[in-house]
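Here is the structure we will look at.
Read-outs throughout are calculated quantities, based only on the coordinates presented, and are distinct from any laboratory measurement. Since the model is a prediction, treat every value here as computed from it, not as a measurement. Here the Cβ positions follow ideal geometry from the backbone for every residue, glycine too, while neighbour counts run over all protein chains shown.
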Amino acid sequence: MDVEEFLRHADQVLVGVVEVAGALVIFVGALLAAVRFVVEGLRHRTAAVFTPIRLSLGRFLTLGLEFQLAADILRTAVSPTFEQVGQLAAIATIRTALNYFLGREIRKEQEQVGERERNP
């Protein structure tokens with residue numbers, strides 16, 4: 001096994017590990033949000049109860065997307081072709097935009113929660 005082949009194999013393993021980590025973060029976040037949604041939905045019938053659940057899920061989604069982007073960057077780390085670099089640029093742009101809008105939505109929700117706590 002030559003060095004380039006070893007690097008490609010190691011890169012594939014690392015990409016798989018990071019992708020699984022990202023998927024697990026998203027899955028755990030969705031599972032926790034679903035459980036909290038059911039529990040809080042049975043206890044309270046107001047929409048305000050669900051805002052913290054959405055905030056928590058948004059944080060998990062943002063973190064999971066960061067892991068997925070890291071996996072995409074790792075995928076192109078060893079001898080990338082122009083096509084792979086172009087695909088990475090497109091994927092990075094889309095995921096960065098998603099993270100930006102998720103982050104903005106989380107900040108808005110946090111502000112609303114803070115206002116509700118100050119003015120019950």
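For the condition more than 26 Å from G114 (Cα to Cα) and either in contact with a helix residue (DSSP H, G or I) (Cβ under 8 Å, 6 or more places away or on another chain) or not β-branched (V, I, T) (or both), what is the one hit in E5, E40?
The unique qualifying residue is E5.
Taking the range 48-63 as the region of interest, how many residues are loosely packed, with under 12 Cβ neighbours inside 10 Å and farther than 16 Å from E111 by Cα?
Qualifying residue count for the region: 0.
Yes or no: T51 farther than 30 Å from D2 by Cβ, in contact (Cβ under 8 Å) with a residue 60 or more places away in the chain and either in a helix (DSSP H, G or I) or not basic (K, R) (or both)?
Details: farther than 30 Å from D2 by Cβ: yes; in contact (Cβ under 8 Å) with a residue 60 or more places away in the chain: yes; either in a helix (DSSP H, G or I) or not basic (K, R) (or both): yes.
Yes, satisfied.
Cβ-Cβ under 9 Å, sequence separation 6+ or interchain: first residue in the range 15-26 and farther than 8 Å from Q68 by Cβ and free of Cβ contacts under 8 Å to residues at least 60 places away in the same chain, partner surrounded by fewer than 19 Cβ atoms within 10 Å (Cβ to Cβ) and of a type in the set (D, E). Which pairs?
Close Cβ pairs satisfying both conditions: V25/E66.
Please verify whether R95 is part of a helix (DSSP H, G or I), surrounded by 15 or more Cβ atoms within 10 Å (Cβ to Cβ) and without any contact (Cβ under 8 Å) to a residue 24 or more places away in the chain, treating the condition exactly as stated. Give the steps one after another, and end with the answer.
Working: part of a helix (DSSP H, G or I): yes; surrounded by 15 or more Cβ atoms within 10 Å (Cβ to Cβ): yes; without any contact (Cβ under 8 Å) to a residue 24 or more places away in the chain: no.
Taking the combined requirement at face value, the residue does not satisfy it.
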